[in-house]
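Remarks on the structure that follows.
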Protein chains: 2
Amino acid sequence: MNAPYPTETAADLAAAAAFLEMAEDLGISTLLDSADGFTADDVGLAAPDVPACEWAGFLAALVAAGLLVAEEDGTYRGRPDLPIVRHEAGYVAWAMNANRPYVANAPEFLRDRDGAGAKYARDGRWVAVSSRWVGTRGFYPPAFAEIVADHPTRVVDLGSGTCGLLANLLRQRTDCTGLGIDLSPAACAEATRLAARAGLSERLDVLNRPIQSLVDDPSPLAAADVVHAGFVMHDIATEPDVLDGVLRACRAELRERGGKMVVVDAVPFATEPRERAFSALFTYLHAQSMGVRLPTREQWESAFHRAGFASVRCTALRMPGSRMFVVSG
Amino acid sequence: MNAPYPTETAADLAAAAAFLEMAEDLGISTLLDSADGFTADDVGLAAPDVPACEWAGFLAALVAAGLLVAEEDGTYRGRPDLPIVRHEAGYVAWAMNANRPYVANAPEFLRDRDGAGAKYARDGRWVAVSSRWVGTRGFYPPAFAEIVADHPTRVVDLGSGTCGLLANLLRQRTDCTGLGIDLSPAACAEATRLAARAGLSERLDVLNRPIQSLVDDPSPLAAADVVHAGFVMHDIATEPDVLDGVLRACRAELRERGGKMVVVDAVPFATEPRERAFSALFTYLHAQSMGVRLPTREQWESAFHRAGFASVRCTALRMPGSRMFVVSG
């Protein structure tokens, strides 16, 4: 029962990705992750209009697949290494689900990039979910460790999505406050709702605006001793003036109290054998379908130096092509 | 350059599946597979309305991903182990692309199976393509070897699709004729076209009808010394009378000349660690979304015996859950 999930075969990974996608859409991902396990009644609560016999069939399939373990007392429990499987499934979900409009319409994108770009959009929810699955092991832990290392009292997260990172941080450090900025009204509304539910409303501000706005109005950065930006800076990298303006605004605020930026982003076409395949896909889809040209490591470093930062440290993270820049001074 | 493709990581497999899907849709899969390599001019011919700069960008991404090797003379060549990568990508393409309507609409299927079943259909082309990718290493070679082993002079293929198996067979054995039966008018038309192009029209008959029709009219089986059926018998297994009728018709014809049936199909919820995850997905999607209950190995064997076959040999093939039944007597 506790043999490691045989992730070495492609068929296993394909099946896990499909089943975990179905489970996510059925609203039971958190039950699968629960250390206490769950019962048939619990899944019934997750989606009351699904007949019990259909739930039974789905759970039986997850057990047969080895993703779920059925205990004798009627409790179900995700297998102990489910976080590893989910992280691996995240790459498949990102490539084959979140980016489906780009992958499935490649001929149209190659014939008429602008026309296709105007016609096809990704499902923002699955972009977020698959990024989270990849991130749990692909880039999130080292970024989080870097953020908490200097005991910050105020952290600003650029491109904060539903503020998952800030919520985790504030739960762990009760003397800390946070502010998240995101372009998406839906993500900000969800962040506000989740913060209230977690009792964090008093320490977590959510601001619905583009990070470009920091050039003209840097006030949201006030009092920050850490500014984090995960996979958002590349969106403004095509406009060097905007990128420089945002970085300068961050530095002006951070310098006063010896703070730092933690920027996690991607470099194009990483050449390490471990990285090259996924990095090539990530780079190509961003360039071809989203008009985003990822800066090279050197271009990232130049941008930080241009903004006045004296110290720039670059680390390769686990997600192929991802890099963490810790920037200060 | 010739290091084995690092298929051990999920990210590699996800990227390969996405890139190979794009290449297939762009019409260059056969170029990637070509032992002679190909040039930028060749891809231009595959899709003349794609601008050369877009082709260059796509090929550069495939090279960066390690799927393609660029020679100094301007020739491109798929990496030597591309067939292995394509086989592995086949599982991902089957789960995450061919079955997308079922995977992406799981809540709807669990709430209202019949309604969702009437609303969502799979893309037949990608069902066929992903099955072919899986089959090249997952079940096709042993079935082919079994078919040619006794030097047949006439082979009938049930559920023949575009008659790829028969065409390969007739090319290899010039004293052999074949007949393919398939439900799909589009597949039969394509099979007829491909047979003509391959100069096989005189030896290859294509019949557009359901295999159920063999119960009342077994004439298409005339003179066969091998009848092959790949993943088609499970479609009629829910109607035991029909299954028995088809198998009896086959036996009546084969018995006269000591021929055999080669049936490749799936068993439900295979329990081997190597098989369980993909087999569970295959079983669940067939039951939940297509109303197909796969027979167990014992049920398959009973059906063959009921039809009068004396000898039934079952072999597990590489595709998780797939089995080959060689049946005679």
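Coordinate-derived values only; no laboratory data. Just so we're clear, the structure is a prediction, and the values are computed from it rather than from any experiment. When we count neighbours, we look across all protein chains shown, and the Cβ atoms used for this are built from the backbone with ideal geometry, even at glycine.
If you wrap the tightest convex hull around every Cα atom of region B:8-75 and split its volume per residue, you get 91 Å³. Helical runs assigned H by DSSP (4 residues or longer) give chain A a calculated mean residue ellipticity at 222 nm of -14500 deg cm²/dmol, each run adding -39500 (n - 2.57) before division by the residue total.
With q set to 0.10, 0.11 Å⁻¹, the log10 of I(q)/I(0) for region A:134-328, from the Debye formula over equal scatterers at the Cα positions, is -0.38, -0.47. For region A:83-141, chymotrypsin sites (Phe, Trp or Tyr not before Pro) meeting the loop criterion (DSSP other than H, G, I, E, B) and having at most 16 other Cβ atoms within 10 Å: A:Y120. When the convex hull of its Cα atoms is viewed from all sides, region A:169-253 shows a mean projected area of 5.7 nm². Only one residue of A:V215, A:F231, B:A70 has its Cα farthest out toward the positive end of the dipole of the protein assembly as shown, where Lys and Arg carry +1 and Asp and Glu -1 on Cβ, and that residue is B:A70. At the listed q of 0.06 Å⁻¹, the Debye profile of the protein assembly as shown, built from one uniform point per Cα, gives log10 I(q)/I(0) equal to -0.39. Peptide B:105-112 has a mean of 6 when you count, residue by residue, the C-beta atoms of other protein chains within 10 Å of its C-beta. Residues whose amide H lies under 5 Å from that of B:R154, counting only those 5 or more places away or on a different chain, are B:T177, B:D225, B:V226; hydrogens are built 1.01 Å from N in the peptide plane. The coefficient of translational diffusion for region A:63-146, derived via Stokes-Einstein from the alpha carbon Kirkwood radius under 20 °C and 1.002 mPa s, stands at 141 µm²/s.
Charged side chains reduced to their Cβ positions (Lys and Arg at +1, Asp and Glu at -1) give region B:134-328 a dipole of some 540 debye around its Cα centre. The other copies place their B:A189 label points at 4.7 nm from this one, listed shortest first, where each point is 7 Å from Cα along Cα→Cβ.
Between this copy and the others, label points of B:T296 are 6.3 nm apart in ascending order, each placed 7 angstrom from Cα in the Cβ direction.
Summarising the strand pairing of the protein assembly as shown, around 45 percent of its internal DSSP beta bridges are antiparallel. Rounded to the nearest 20, the Cβ-based charge dipole of the protein assembly as shown about its Cα centre (Lys and Arg +1, Asp and Glu -1) stands at 440 debye. With the charge dipole of chain B set up from +1 on Lys and Arg Cβ and -1 on Asp and Glu Cβ about the Cα centre, the Cα lying farthest toward the positive end among the listed residues B:C176, B:A40, B:V92 is that of B:C176. For chain B, the C-alpha radius of gyration sits at 1.06 times the compact-globule guess of 2.2 N^0.38 Å, with N the residue count.
Computed over chain B with a Gaussian network model linking Cα atoms closer than 10 Å, the most mobile of B:D112, B:D157, B:D241 is B:D112. Figure legend: label point modelled 7 angstrom from the Cα of B:R306 along Cα→Cβ; residues of region B:236-271 with amide N under 14 Å from it are B:236-249. Charge dipole (Cα centre; +1 on Lys/Arg Cβ, -1 on Asp/Glu Cβ; no other charges) of region B:78-167 amounts to roughly 260 debye. Near the amide H of B:V206, within less than 5 Å, lie the amide hydrogens of B:G180, all on another chain or at least 5 residues away, with H placed in the peptide plane. Here the Gaussian network model covers chain A, with springs between Cα atoms less than 10 Å apart; of A:R79, A:R125, A:R297, A:R125 fluctuates the most. Among B:L26, B:L13, B:L243, which one shows the highest mean-square fluctuation when chain B is modelled as a Gaussian network with alpha-carbon springs under 10 Å? Judging by the Gaussian network model, the answer is B:L26. Between identical copies, the spacing of A:P240 label points, each set 7 Å from Cα toward the C-beta atom, reads 7.7 nm from nearest to farthest. Inter-part distance, region B:38-99 to region B:208-227, computed on C-alpha centroids, equals 40 Å. Within a straight-line Cα-Cα reach of under 29 Å, A:K119 can be paired with the following lysines, leaving aside sequence neighbours fewer than 8 residues apart in one chain: B:K119.
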